[in-house]
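Trainee: Input: one structure, supplied below.
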Amino acid sequence: MKETLLVKHAVGGRAFIDTGKNPIPYSWEHVEGQWIFTVEIEKAEHIAELLKWKNELNVFIFQEIEHESTKKLWFYVGDDSVHYSEEKGELTIVAKSQIIYIPDQFSAQF
């Protein structure tokens, strides 16, 4: 399975992190009703703009499995849910809700 992490500004649609274009180490897990994303970013200046918009972010995981449609997981980030540790070089994002969808299963009907 190929997986891509995408972190975008909710309003402008600007992508701050796209591991499909710029691979960087990350992990995510579901813990006690929330999803915790940890992204390794060594230099704080690389995420300074992201941190300006930290209360307006959406996180996406795209999972591509051979011979299947891409599964898209859309996570909503709340207030005070994005933190950066310069000591560890880690960005942490906590999401409290998600929507899972497979675009091929949606069709426009008129």
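The values are calculated or read from the model by the stated rules, or taken from the named source; none is laboratory data. If you're wondering where the values come from, they're calculated on a predicted model, not measured in any experiment. Here the Cβ positions follow ideal geometry from the backbone for every residue, glycine too, while neighbour counts run over all protein chains shown. These accessible areas exclude ligands, DNA and RNA; they are computed on the full protein's heavy atoms, side chains included. Shrake-Rupley method; radii C 1.70, N 1.55, O 1.52, S 1.80 Å.
Trainee: Any chance segment 37-57 includes a residue that's at pLDDT 90 or above and either on the phi > 0 side of the Ramachandran plot or in contact with a Gly (Cβ under 7 Å, 6 or more places away or on another chain) (or both)?
Mentor: Yes: one or more hits.
Trainee: Filter segment 41-63 down to residues that are surrounded by 14 or more Cβ atoms within 10 Å (Cβ to Cβ) and more than 13 Å from Phe16 (Cβ to Cβ), then give me how many there are.
Mentor: Counting residues in segment 41-63 that are surrounded by 14 or more Cβ atoms within 10 Å (Cβ to Cβ) and more than 13 Å from Phe16 (Cβ to Cβ) gives 3.
Trainee: Let me ask something else about it. Looking only at segment 69-87, filter to residues that are touching a helix residue (DSSP H, G or I) at 6+ places or on another chain (Cβ under 9 Å) and assigned to a loop (DSSP other than H, G, I, E, B); which one of those is most open to solvent (accessible area, probe 1.4 Å)?
Mentor: Applying the filter and picking the extreme gives Glu86.
Trainee: Further question: Give the residue that is surrounded by the fewest Cβ atoms within 10 Å (Cβ to Cβ), with candidates limited to residues of segment 6-40 that are among the aliphatic types (A, V, I, L, M) and in contact with a helix residue (DSSP H, G or I) (Cβ under 9 Å, 6 or more places away or on another chain).
Mentor: The initial filter retains those residues of segment 6-40 that are among the aliphatic types (A, V, I, L, M), namely 6-7, 10-11, 15, 17, 24, 31, 36, 39.
When the remaining residues are screened for being in contact with a helix residue (DSSP H, G or I) (Cβ under 9 Å, 6 or more places away or on another chain), the result is 7, 10-11, 17.
Working: Val7: 25, Ala10: 13, Val11: 9, Ile17: 24.
Among those that are among the aliphatic types (A, V, I, L, M) and in contact with a helix residue (DSSP H, G or I) (Cβ under 9 Å, 6 or more places away or on another chain), it is Val11.
Trainee: Right, Lys96: in contact (Cβ under 8 Å) with a residue 60 or more places away in the chain and either surrounded by 12 or more Cβ atoms within 10 Å (Cβ to Cβ) or assigned to a strand (DSSP E or B) (or both) or not? Spell out how you get there, then give the answer.
Mentor: Numbers: in contact (Cβ under 8 Å) with a residue 60 or more places away in the chain: yes; either surrounded by 12 or more Cβ atoms within 10 Å (Cβ to Cβ) or assigned to a strand (DSSP E or B) (or both): yes.
Considered against the rule, which asks whether it is in contact (Cβ under 8 Å) with a residue 60 or more places away in the chain and either surrounded by 12 or more Cβ atoms within 10 Å (Cβ to Cβ) or assigned to a strand (DSSP E or B) (or both), Lys96 comes out as yes.
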